[in-house]
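Only one structure is covered here, and it is reproduced in the block below.
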Amino acid sequence: MTYYFKGFPQSDQNKSLKMIYVDELEERAKEVMPEPAYYYIASGSENEWTWRNNTAAFNHFQIIPRSLTDMDDPQTETEFLGKKLKTPIMISPIACHGISHKDGEVATALGAKEAGAMFSSSTYANRSVEDIAEAAGDAPRLFQLYLSKDWDFNQMVFDAVKAAGYQGIMLTVDALVSGYREANLRTKFTYPVPLDFFTRYQGGQGEGQSVAQMYAASAQKIGPDDLKKIKERSGLPVLVKGILCAEDAQMAIDAGADGIVISNHGGREIDGAPATIDMLPEIAKVVDHRVPIIFDSGVRRGSHVFKALALGADLVGIGRPYLYGLALGGSKGVASVINQLNDELKIDMQLTGCKTIEDVKHAMITNLPYSSDNLPSSTDPTVKPPYPVTDHNQMKASYVTGTDGEEPAPQVAEPVDTEGGASH
């Protein structure tokens, strides 16, 4: 079924998703999303070099397997800002979840709650923080702030977020203007669904606006004093989101930041910026455990989560994959994406002798100069050529294939006559 908001199609699915890995969902999402909405998610700025390298650069770092560790059953539970989580994987903020699903951020928050993950929502969310709080209850959540030039607007946001039980604010500092996003221009993307905070404050502004127009309403000038002012006015912990160099991390901590979010905005701002994972070790060294670190940008595998944790992160955010999961399966689709990555993470934990997430943070990582390709596996449908069909390599109709990774039921094979078919 599809729900239409003023002619814009929105998915209303709510089902668990099967996948071999999360990137499969990107292509499948085209079946339920119109082209402008799809490319709002599935694109970066300019030539998309940074967007691509965010994922490819994870290959700059390698996990050292460990043997004879005498352990099993790894556990992914962790804690952040006093909240217990089932996984270190978190939902990073992205605007306008209504382009993926009619229930928007409410469905995303419910999916995060089901998977036991930290959720975060954007200033540019479609659904209200009150709706999210009502649906998700006491599930942990953060709020991502695009600081406005209008401090009355900011105060309205602070008051609502605190009343709705959010644990902290993530102040975005790396998107003072919109990056040059060619895909948005080519598809003429505008936000097709109202954005709650703009509706309640300005009577509907947001719907029909371009990304660049929305960013123009935000503050283009943010400094350490703004961070102090936000902490004072909100009464909440404030994490600084969009740090990509050690000097800025130190400046944020000096200004009172309660956490650092290492991110290049998913390759959607400066094209030509380094991959986020390449900057993590240097920043983590300067932070030196004084405040927690959230990492995001480019995460597509459980091994990526493992590497980010081992290099200094406390939580690891995902972005685009969960929006595809949301489009294809609603809240259960979001949970499926988190669970898929968490299951992959557990495999790496077992193979490195890491019983807990704290163990992962001390795992052995090396940095050897391999090619940093990001090629898919040899059986990936995007690269695998059609398998040849011959008279001799086809299974009989009586062969029962396995499901969900189970072995096929045993069958008695018929002898094959190599001269031309099965013998009788």
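Readers should treat all values here as calculations from the given coordinates under stated rules, not as data from a laboratory. Predicted model, so just to flag it, every value in this text is computed and none were measured. A quick note on method: Cβ atoms are made from the backbone with ideal geometry, for glycine too, and the neighbour counts reach across all protein chains shown.
Within the stretch 322-365, what residues put their amide N at less than 18 Å from the label point 7 Å along the Cα-to-Cβ vector of residue 20? From the stretch 322-365, the list is 337, 340-341, 343-345. When shorter helices are ignored and each DSSP H run of at least 4 residues is given -39500 (n - 2.57), the per-residue value for the chain at 222 nm works out to -10500 deg cm²/dmol.
Take the Cβ-Cβ distance between residue 71 and residue 28 as r, set R0 to 35 Å, and report the resulting FRET efficiency rounded to the nearest 0.05. Each step should come with its number before you reach the end.
Numbers: r = 37 Å, r/R0 = 1.04.
Rounded to the nearest 0.05, the efficiency is 0.45.
Amide H contacts of residue 195 (H built 1.01 Å from N, in plane; Pro and chain starts excluded): 207 sit under 5 Å, all sequence-distant by 5 or more or on other chains. Couplings 3J(HN,Hα) of the stretch 224-230, computed from phi: x, 5, 5, 4, 4, 5, 5 Hz, in residue order, whole Hz [Karplus 6.51 cos²θ - 1.76 cosθ + 1.60, θ = phi - 60°; x for Gly and Pro].
Starting from 0.36 nm per residue, how many nanometres of slack lie between residue 358 and residue 289 once their C-alpha separation is accounted for?
Values: separation 69, 0.36 × 69 = 24.84 nm, distance 1.29 nm.
The residue 358-residue 289 span can extend by a further 23.6 nm.
With respect to the cross-link table entries 113/228; 83/332; 307/355; 86/332; 15/241; 162/241, which display a Cα-Cα separation exceeding 26 Å? List each step's numbers first, then the result.
On the way: 113/228 31 Å; 83/332 22 Å; 307/355 15 Å; 86/332 16 Å; 15/241 32 Å; 162/241 19 Å.
Result: 113/228; 15/241 exceed 26 Å.
Give the relative contact order (percent, whole number) for the stretch 122-198; include only Cα pairs under 8 Å separated by 6+ residues.
Computed value for the stretch 122-198: 47 percent relative contact order.
Placing pseudo-labels 7 Å out from each Cα toward the beta carbon at residue 225 and residue 64 gives an inter-label distance of 4.9 nm. Here r is the Cβ-Cβ distance between residue 149 and residue 180 and R0 is 30 Å; the resulting FRET efficiency, rounded to 0.05, is 0.85.
Sequence-ordered 3J(HN,Hα) estimates for the stretch 270-276 from the Karplus curve with 6.51, -1.76 and 1.60 and θ = phi - 60° stand at 7, 7, x, 6, x, 4, 4 Hz, glycine and proline given as x. Distance between the 7 Å Cα→Cβ label points at residue 396 and residue 347: 3.3 nm.
Simple rule: put +1 on each Lys or Arg Cβ and -1 on each Asp or Glu Cβ in the chain, find the dipole, and look at 65, 319, 163; the Cα lying farthest toward the positive end is 163. Close amide H contacts of residue 238 (hydrogens built in the peptide plane, cut-off under 5 Å, sequence separation of 5 or more or a different chain): 169, 258.
Restriction of the GluC sites (Glu not before Pro) in the stretch 98-131 to DSSP coil positions whose beta-carbon has at most 12 other beta-carbons within 10 angstrom yields no sites.
As a length-normalised measure over Cα pairs under 8 Å and 6 or more apart, the relative contact order of the chain settles at 25 percent. Residues 61, 295, 8, arranged from fewest to most other Cβ atoms within 10 angstrom of their Cβ, appear as 8, 61, 295. For the peptides 12-24, 184-196, the ranking by packing is 184-196, 12-24, with the highest mean count of neighbouring Cβ atoms within 10 Å listed first. In terms of packing, defined here as the mean over residues of other Cβ atoms within 10 angstrom, the peptides 248-258, 359-369 line up highest first as 248-258, 359-369.
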